[in-house]
1. Taking into account only those residues within segment 464-478 that are buried (at least 20 other Cβ atoms within 10 Å of the Cβ) and not β-branched (Val, Ile, Thr), which is farthest from Gly375 (Cα to Cα)?
2. Just checking, which of Glu236, Glu231, Glu160 is modelled with pLDDT under 90 and within 28 Å of the chain's Cα centre (by Cα)?
3. Would you mention how many residues in segment 168-190 are in contact (Cβ under 8 Å) with a residue 40 or more places away in the chain and surrounded by fewer than 18 Cβ atoms within 10 Å (Cβ to Cβ)?
4. Collect the residues in segment 112-154 that are modelled with pLDDT of 85 or more and over 37 Å from the mean Cα position of the chain (by Cα), keeping them in residue-number order.
5. On the basis of being basic (Lys, Arg) and in the same structural domain as Ser30 (by TED's automatic domain parsing), does Arg226 make the cut?
6. Do you know which residues across segment 6-52 are among the aliphatic types (A, V, I, L, M), under 24 Å from Arg151 (Cα atoms) and at pLDDT 90 or above?
7. Of the conditions (1) charged (D, E, K, R); (2) in the same structural domain as Lys347 (by TED's automatic domain parsing); (3) in contact (Cβ under 8 Å) with a residue 40 or more places away in the chain, Asp219 fails just one. Which one is it?
8. Taking segment 484-497 only, how many residues are crowded, with 16+ Cβ neighbours inside 10 Å and either over 15 Å from Leu252 (Cα atoms) or in contact with a Leu (Cβ under 6 Å, 6 or more places away or on another chain) (or both)?
Amino acid sequence: MIKIKLFTAAILILFCGTSWAFEVLLNDLSAWQRNGEWNEAQDVFEHPRNEKLLSVTEGKGAIVNGRNAKSPPLASIQQFGDAKIHVEFIIPKSSNSGVYIQGQYEIQILDSWNEPNAPYPGGECGGIYPRWDDKKPGNYEGHAVLVNASRPPGQWQTFEIIFKAARFDNEGKKSANAKIIRLWQNETLIHKDVDLTGPTRGSFKQNDLAKGPLVLQGDHGPVAFRNIWVEPVDFEKMGFANQFFAMDTATLDDAHKSAASQVQMVKDLGYAGIGYWERNPANGIDGLNTMISELDKSNLKIFGAYFTIKLEDSPDTYMPLIEESIKSLAGRKSVIWLAMTSDAHQKSANSGDEQAISIISKIADIANKSEVSVGLYPHINFWLEKVDDATRLAQKSNRRNVGVFFNLYHWLKTDKASNLQSALAKSLPYLLIVTINGTNEAGSIETLDKGTFDVYSFLKAVKQTGFTGPIGLQGYGIGGDLRENLRRSMQAWRKLSEKMASEESQTF
């Protein structure tokens with residue numbers, strides 16, 4: 001758990017897997033705003049003759065408050081939002097200090113070795129200090145530790161903190177509280193998922209901040225700090241940060257026939273947009289254009305238009321509408337979804353490849369001029385049935401704008417769950433869109449909160465490939481209250497994403 005870093009103030013860049021971690025080291029006074037009452041030392045330890053004092057050896061590596069232990073707060077030069085924070089501290093008997101995240105939220109430092117119980121929650125070592133309001137009686141909203149993890153005074157101790165900053169809308173109004181996601185003291189978990197409704201008592205500013213300095217308290221007794229580092233992180237990129245949209249198999253029913261009603265519903269529930277089929281593309285271009293218009297009004301995205309082509313059909317039966325659809329999708333970074341059937345070729349048979357490549361290439365060349373991609377959509381009992389079929393055709397087409405869909409339901413119906421890693425690895429160079437739903441191991445379509453198949457593990461495997469593209473919700477044939485289905489699926493999506501973010505964030 002604990003990282004020991006004995007470097008001078010700098011930004012240390014570590015290569016971790018496929019991402020870079022920037023750790024801001026705050027181990028000497030050059031990293032802090034000028035404050036002449038703090039000093040540097042090589043080592044700090046309990047005074048041999050007075051247990052209420054600290055002794056130092058000259059040098060660098062630790063930061064110590066002044067001799068009279070009344071030093072004003074020490075604030076870092078750099079400011080931070082979401083962050084992982086590591087701090088080591090030492091106090092003598094009966095001393096008191098604190099670490100203020102963003103200068104706003106105090107984590108109490110106290111001699112709690114023999115006195116684990118504070119007069120109020122959050123007053124003990126490791127506690128999240130209470131808030132204060134002159135209009136309210138006394139302290140409030142302090143958060144006591146889950147367990148007393150304090151060491152005896154005169155010993156070095158650690159805090160390891162995972163912090164998520166408050167969120168603000170475009171007008172600067174707070175939209176979400178700051179949060180202590182995890183806090184360990186001496187490698188023991190003492191806080192988990194604690195909302196911070198506002199700054200604690202003694203904060204630098206009255207209101208929450210998007211970014212602020214790390215601040216060390218020095219006016220309540222002797223204290224020293226060492227091995228201080230902050231790793232800025234972005235929780236918006238943790239979890240499943242992919243755009244999550246609804247296929248219109250999940251948005252269209254008798255009560256939601258109009259594009260306006262469908263768009264309003266997905267907007268209300270938090271979806272990024274809609275993937276268009278409307279059951280039958282032969283309805284004409286007007287249906288797609290109306291959907292695009294309604295999505296534009298709500299600043300949502302059209303994720304593509306779905307077509308089924310029979311290999312033996314004349315191009316005159318499908319190309320005019322596809323070409324018009326490409327014009328409508330031009331410049332939107334959208335996708336023509338192609339499912340393919342055949343009367344002459346068996347499912348997945350290579351014998352149909354030449355015919356299919358001719359069709360795909362012609363559509364792709366037209367689409368490329370409009371910055372539109374072509375996504376090959378595997379479908380159970382179609383000629384283009386498997387993800388491997390789509391990958392094979394994408395490779396043979398040799399067009400940069402031709403890619404592959406990975407539809408969870410259709411994949412489970414045509415492959416074994418044990419083959420997931422192999423299927424993902426093959427499709428990854430061409431992967432455009434992933435679609436999911438609640439399902440059982442044999443393949444079923446349910447709301448995302450139902451089914452026995454482990455969708456979380458599936459999504460985790462998708463993320464581990466590095467895929468950052470859109471993920472769509474399949475909703476074909478579920479029935480029941482459509483809005484409730486969408487609401488439950490969005491709630492499940494958010495829970496899955498939070499679980500993934502929690503796993504990612506806990507790596508110190």
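The values are calculated or read from the model by the stated rules, or taken from the named source; none is laboratory data. Given the structure is predicted, the values throughout are model-derived calculations rather than measurements. Note: ideal-geometry Cβ built from the backbone for every residue, glycine included; neighbour counts use all protein chains shown.
1. It comes out as Gly475.
2. Glu236 is the lone residue from the list that is modelled with pLDDT under 90 and within 28 Å of the chain's Cα centre (by Cα).
3. 4
4. Matches in segment 112-154: Trp113, Pro152, Pro153, Gly154.
5. It is true that Arg226 is basic (Lys, Arg) and in the same structural domain as Ser30 (by TED's automatic domain parsing).
6. The answer is Ala41, Val44.
7. Single failed check for Asp219: (2).
8. 9
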